[in-house]
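K.L.:
Dropping the structure in here first, questions after.
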Amino acid sequence: MFCQTYALKRYWRPIRTDSNDPALYPSEGQIYNILDKDQTDELMKHAIAYHDVEIDGQVDSTLKLIRRGQVAQPYNRPTKPLRVIRTETDADAEPRLETRDVVKESLPDPSSLVIVERYHTNVLMPMGEVIKMFSCTLELLTCVRDYIKEQKYGHGKLILHRDISTGNLLIFEADDGSTFGRLMDYDHAKKASAMGKIESQIAGVAPSELDVQRDLLRPVIKYQTGRQVEDDVIDVALKWTEFGDAALAYIKDVIKSTGSSDKASDKPLSLTDLGWIDTDQTQPHDWPDFGNREPSPGERTGTVPYMSAEVIARRSLFPLSGNSTIPPFMHQAIHDVESLLWVLVRLCLTRKGPGVNMRRDELDEDSLMYDHQLKEVVNCLFEGSDVEVKDNKVKLVQNSDLAVFEKRVVVHFHPYFEPLKPYVRQWWATLLLGYRHRGEEFYNIHDHILRILDKAIIEISRDTVEDDKAKQAELDRRRLHKERRLATFRPRDLTTPPSSPLSLINTPPHRHRSYQDDQDSPLAAEPRRKKLHQ
């Protein structure tokens, strides 16, 4: 019999108290009401129930209940430099760390020091397996595709998740035994107030003027790329960019990224060849309007190892197409899609196969297989300081040479993930097009990545031989782990004397899983080091 397990999430959610529009800052539970509206299958819901904890009829809160409204006065650092040397007769003889002695990047964001009211909240939600416990390549890709679909669905509901990480990407089992991916934990999500419109650059342009632009661009594209393009391709570029050089640069980059310039053919490139969508290019594009939503004090927008380059840098990295104006930063759909790619990349770099205990031996400094270059890549992109992660991701995104991502990142993938390499490259190239030109790949990013993943799933299921033994081992582990969890809640035999141990299931005694069972834990290597030195 199929039986679903649930997790009770308990945390302190921040409360926005300075907004005149509460709809702009919904709670996590209210986000789930929007996403799960009309959903009857509990397994497909993000939350079964939620509520704020109350004590004697009052919400359990940090500011009003616990602090009773008391707030410390801000400390003003003295402007006059203090003496470098102090004597024991001074009122404060301890050396003091001055701002001049602190690296600027290490100082906290002032907004993070603002006291934020928080409510004690409970959320009951379905529980699945984290994505790093995938059972095979095909399951991994299918779940990643499901996550993109959920991002697209949420975006259509004016919602951005903003905290894509391994802990929020779960694998669930359906009634028939098949698995699927779910994007969970929307506690850092934001919601737009309304659906806005992105106007087309060619809306209202006279047909004769459009013909002139096509005639000007067509021969230059042929000369610089070696390929002809259909008029629809030029129209898409003109829709999103300024006329002239900006449209030309956009088309050239797309042709290069898709590899179309390497294929000798007299047939003009179509929208389909470039992965673009065939729509009326004169019509505006629907887009959630987050312009009137200001970040809350101390508001977080992601988990650092998986943050996109622009999010962690807190700035836009590229000017608007056709000019030198860099737009103000705003968390958009493309940033969540980049975060999901970083999750996939980290799995490919740090794991050697499906299931548990699969962290690569090359990352263990005590192993004979230790790979310093691999360790450096992982530290630079994921496990280093916030500043280090930010600087390296920004450099990668700002580099126009796609080969750099290949040499610095993809080449270090474990051989198990070799089949994923071409699709990771396409994903990365699509993101760069979106950032640089803010065109099709920016405003239709979900459709572009879904197309890549659909192709990957078809080709890998056809051409890749999976490790059936490793797959079955992970599926067996899940089954046993679930049985042990459920055994805790089975009714006890009332005829058994209270002093007698109860056998809940017919399995040998087992111990609780500790850090020693998981090589991903930073403590896991400690016992091995002690053993080596004995």
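K.L.:
Gln228's amide H: which non-local residues (gap 5+, or another chain) put their own amide H closer than 5 Å, with H modeled 1.01 Å from N in plane and none for Pro or chain starts?
P.N.:
Excluding prolines and chain starts, which carry no amide H, the hits are Leu269.
K.L.:
Within region 349-401, which GluC sites (Glu not before Pro) sit in a loop by DSSP and count at most 14 neighbouring Cβ atoms inside 10 Å?
P.N.:
Working: sites: Glu362, Glu365, Glu376, Glu383, Glu388; in loops: Glu365.
In loop regions of region 349-401 (DSSP not H, G, I, E or B), the sparsely surrounded GluC sites (Glu not before Pro) are Glu365.
K.L.:
How much length is gained if the chain between Asp386 and Ser208 is pulled fully straight, taking 0.36 nm per residue apart and subtracting their Cα-Cα distance, in nm to one decimal?
P.N.:
Length gained between Asp386 and Ser208: 58.8 nm.
K.L.:
Please list, in order along region 412-422, the HN-Hα scalar couplings obtained from phi with the Karplus expression 6.51 cos²θ - 1.76 cosθ + 1.60 (θ = phi - 60°), rounded to whole Hz, x for Gly and Pro.
P.N.:
With coefficients 6.51, -1.76 and 1.60, one gets 8, 4, 5, x, 4, 9, 3, x, 7, 3, x Hz.
K.L.:
On to the next question. When the accessible area of region 363-404 is computed with all protein chains present and a 1.4 Å probe, what percentage of it is carbon and sulfur? Walk me through the numbers before you get to the answer.
P.N.:
Values: 1040 of 2250 Å².
Answer for region 363-404 is 46 percent, counting heavy atoms of protein chains only.
K.L.:
Between Ala403 and Ile48, take the C-beta separation as r, use R0 = 56 Å, and let me know the FRET efficiency to the nearest 0.05. All intermediate terms of the calculation are to be shown ahead of the outcome.
P.N.:
Values: r = 48 Å, r/R0 = 0.86.
E between Ala403 and Ile48, to the nearest 0.05, is 0.70.
K.L.:
Something else: Among the lysines, which have Cα under 17 Å from the Cα of Lys239 when same-chain residues fewer than 8 positions away are ignored?
P.N.:
Lys197, Lys252
K.L.:
Sticking with this one: Counting only the heavy atoms of the protein chains, how much of Leu158 is accessible to a 1.4 Å probe, in Å² to the nearest 10?
P.N.:
30 Å²
K.L.:
Under a 1.4 angstrom probe, counting protein chains only, how are Phe134, Phe318 ranked by accessible area, largest first?
P.N.:
Working: Phe134 0, Phe318 30 Å².
Descending order: Phe318, Phe134.
K.L.:
A follow-up question, please. Going down the list Lys190/Lys393; Lys64/Lys191; Lys132/Lys421; Lys157/Lys455; Lys132/Lys390; Lys9/Lys375, which pairs span over 29 Å between their C-alpha atoms? Present the calculation step by step, with values, prior to reporting the outcome.
P.N.:
On the way: Lys190/Lys393 24 Å; Lys64/Lys191 26 Å; Lys132/Lys421 18 Å; Lys157/Lys455 27 Å; Lys132/Lys390 24 Å; Lys9/Lys375 34 Å.
As for pairs spanning more than 29 Å Cα to Cα, those are Lys9/Lys375.
K.L.:
Arrange the residues Arg425, Arg182 by how much accessible surface each exposes, largest first, with a 1.4 angstrom probe.
P.N.:
Values: Arg425 95, Arg182 5 Å².
Solvent-accessible surface, decreasing: Arg425, Arg182.
K.L.:
Show Glu459, Glu28 ordered by accessible area, largest first, where the area counts protein heavy atoms only and the probe is 1.4 Å. Please report the intermediate quantities before stating the final value.
P.N.:
Numbers: Glu459 50, Glu28 10 Å².
Greatest to least solvent exposure: Glu459, Glu28.
K.L.:
Right, something else. Testing the spin-label approximation: label points 7 Å from Cα along Cα→Cβ at His481 and Ala7. State their distance in nm.
P.N.:
The modelled label-to-label distance comes out at 1.1 nm.
K.L.:
Just the number: Rg to Rh for region 196-307, Cα atoms, Kirkwood Rh, two decimals.
P.N.:
Working: Rg = 17.8 Å, Rh = 16.1 Å.
Using only Cα positions, Rg/Rh for region 196-307 is 1.11.
K.L.:
List, in order, the whole-Hz ³J(HN,Hα) value for each residue of region 36-53 obtained from phi through the Karplus relation with A = 6.51, B = -1.76, C = 1.60 and θ = phi - 60°; use x for Gly and Pro.
P.N.:
For region 36-53, the Karplus curve yields 9, 4, 6, 8, 9, 7, 4, 5, 8, 7, 7, 8, 8, 7, 7, 6, 8, 6 Hz.
K.L.:
Pull up all non-local amide H partners of Val130: gap of 5 or more, or a different chain, and H-to-H distance under 5 Å with H placed in the peptide plane.
P.N.:
Ile171
K.L.:
How big is the accessible area of Asp175 in square angstrom, nearest 10, if you roll a 1.4 angstrom probe over the protein chains?
P.N.:
It works out to around 120 Å².
The values are calculated or read from the model by the stated rules, or taken from the named source; none is laboratory data. Computed from a prediction, not measured in an experiment: that's the story for all the values here. Cβ coordinates were reconstructed from backbone atoms using ideal geometry, including for glycine residues, and neighbour counts include every protein chain displayed. These accessible areas exclude ligands, DNA and RNA; they are computed on the full protein's heavy atoms, side chains included. Shrake-Rupley method; radii C 1.70, N 1.55, O 1.52, S 1.80 Å.
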